[in-house]
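Let me begin by handing over the structure; questions about it come next.
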Amino acid sequence: MYFFSNMDELTNTKTIVKISASSPIVKVGAFRIVATRVNGKNKQYFHVEKFVGKQAFQQNVEDGELAEFVKENIDGKFKQVVVLTDTETVTYLSNGKGNVKRLSQKSTNGAKTAQTTANRQKNYLLKEGYPIEPLVDLGVFTKEYKVVNSMYDKYKQINRFVEILDDKFADQTQPLTILDFGCGKSYLTFIVYYYFTEVLKRDVRIVGYDLKADVVNNCNKLAEKYGYKNLSFIIADVSKDKLFDGNVDAVICLHACDTATDYALEFAVRHNASFIFAVPCCQHEINRDIHSGGDLDLLLKYGILKERTSALLTDGIRATILEDCGYSVDVMEFVDLAHSPKNLMIRAEKVRKANFVRKTEIANLMNKYGFKQTLFDLIYNKD
């Protein structure tokens, strides 16, 4: 064999925890192969991932088949192979011309380390090591598709958002149309598109809207760079421009400032969107007008408490209006407060016909404290 002069090193598979091959000698086929030992309930085997282009192919290899798999797929095809065992880490370095250097480092926790890594990756839908180009451009992944240590919190946040979408869409099979309002630089939009098309293998169309022409133009260039044919971006103002005219499966609205969130929610309701995912931002409207003179005086007396109370009132009213419009609504913590102060998500699913039973209750609250709320006017006073 090219790398392994002693076949016992492979055939004694109970000592091998992981094999990782990188830097292919010929730039054709897989550019990386990772085989990780799995201790199953009834048997042990190796879970193999082959990275080819922008795709990842997976298979399982039995213990007794590992040596043959390595001989056919790894040996003589890569310049670097790392073998992690229970007792040592062995690195094989080749110049591609037959000369091989073997480096060994003793390790007493090889199995534990590999298992911890496997568990960490298993918990995320967007796995480390996969060629996800938007995560590279975002600076979350290195060019080798490893998580940058300082960006691990960001990596968790992105995965959290994808998990929320996956919870609603993973079991559906029909083509989807998703609109993203206030998309900004759209890293999440790109990653959502990647997840639906590359991981779930779903037919999806995503349109992002933003006010800034330079941002929209750059996003369209990136979509072309990634080959995302059904992802596009449009310059538009959700409060006044005529937007998408067709069936909408989901509306995303992350950190759209102040009343822009209200216009996005009204659009979703008007188009009977099946799902809404909104993370509101800068809820200034109520804070500008609300006055004391009632049960909330203790909270309205102090500036910072008034601001936070106004924000909670804004999102509470929005959630209640969506319920009146026939949605089942959750207000949930999107990410840990330590990562972002804008951490509340309004997640809504259309489940029934509209029934405006809370309008008077909300109107009385608004009148009592002297404020207006845009979504209230857009939904209840649209005529």
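Throughout, read-outs are computed from the coordinates displayed, never taken from laboratory work. What you are looking at is a predicted structure, and each value in this text was computed from that prediction instead of being measured. Glycine also receives a Cβ, built like all others from the backbone with ideal geometry; neighbour counts cover every protein chain displayed.
May I ask which of Lys71/Lys143; Lys212/Lys382; Lys353/Lys382; Lys301/Lys359; Lys127/Lys212 have a Cα-Cα span longer than 24 Å here? Walk me through the intermediate numbers first.
Details: Lys71/Lys143 28 Å; Lys212/Lys382 28 Å; Lys353/Lys382 18 Å; Lys301/Lys359 27 Å; Lys127/Lys212 32 Å.
Among Lys71/Lys143; Lys212/Lys382; Lys353/Lys382; Lys301/Lys359; Lys127/Lys212, the Cα-Cα distance tops 24 Å for Lys71/Lys143; Lys212/Lys382; Lys301/Lys359; Lys127/Lys212.
What does the charge count near Asn355 come to, summing +1 for each Lys or Arg and -1 for each Asp or Glu among other residues with Cβ under 15 Å from its Cβ?
Working: positive: Lys350, Arg352, Lys353, Arg358, Lys359; negative: Glu323, Asp324, Glu361.
Combined, the nearby Lys, Arg, Asp and Glu give +2.
For Ala35, what charge total do you get from the other residues with a beta carbon under 10 Å from its beta carbon, if Lys and Arg give +1 and Asp and Glu give -1? Please report the intermediate quantities before stating the final value.
Numbers: positive: Lys18, Arg37, Lys50; negative: Glu49.
Neighbourhood net charge equals +2.
Highest first, please rank the peptides 364-372, 72-80 by the mean number of other Cβ atoms sitting within 10 Å of their residues. Don't jump to the answer; show the numbers that get you there.
Values: 364-372: 15.0, 72-80: 17.2.
Result, highest mean Cβ count within 10 Å first: 72-80, 364-372.
Mind running the shape call on the stretch 266-367? Use the C-alpha gyration tensor, a ≥ b ≥ c as the square roots of the eigenvalues: rounded below 1.5 for a/c, prolate if a/b tops b/c, oblate otherwise. Let's see the in-between values first.
On the way: a/c = 2.59, a/b = 1.32, b/c = 1.96.
Taking the square roots of the gyration eigenvalues as a ≥ b ≥ c, the stretch 266-367 is oblate.
Over the chain, what is the mean sequence separation of C-alpha contacts under 8 Å (at least six apart), divided by residue count, expressed as relative contact order in percent? Let's see the in-between values first.
On the way: 650 pairs, mean separation 35.5, N = 383.
Rounded, it is 9 percent for the chain.
What translational diffusion coefficient, in µm²/s and rounded to a whole number, does the Stokes-Einstein relation yield for the chain at 37 °C and a viscosity of 0.692 mPa s, taking the hydrodynamic radius as the Kirkwood radius over Cα pairs?
Approximately 137 µm²/s, per Stokes-Einstein.
Let me ask something else. Report, in deg cm²/dmol and to the nearest 500, the calculated mean residue ellipticity at 222 nm for the chain, where each DSSP H run with n ≥ 4 adds -39500 (n - 2.57) and the sum is divided by the residue count. If you can, show how the numbers build up before the last one.
Working: 13 runs with 132 residues, N = 383.
Theoretical 222 nm ellipticity from helices: -10000 deg cm²/dmol.
What is the gain in length, in nm to one decimal, between Asp203 and Val331 on full extension, counting 0.36 nm per residue of separation less the C-alpha to C-alpha distance?
Roughly 43.2 nm would be gained on extension.
Right, next: To the nearest 10 degrees, how steep is helix 213-226 against the longest Cα principal axis of the chain, on a 0 to 90 scale?
30 degrees
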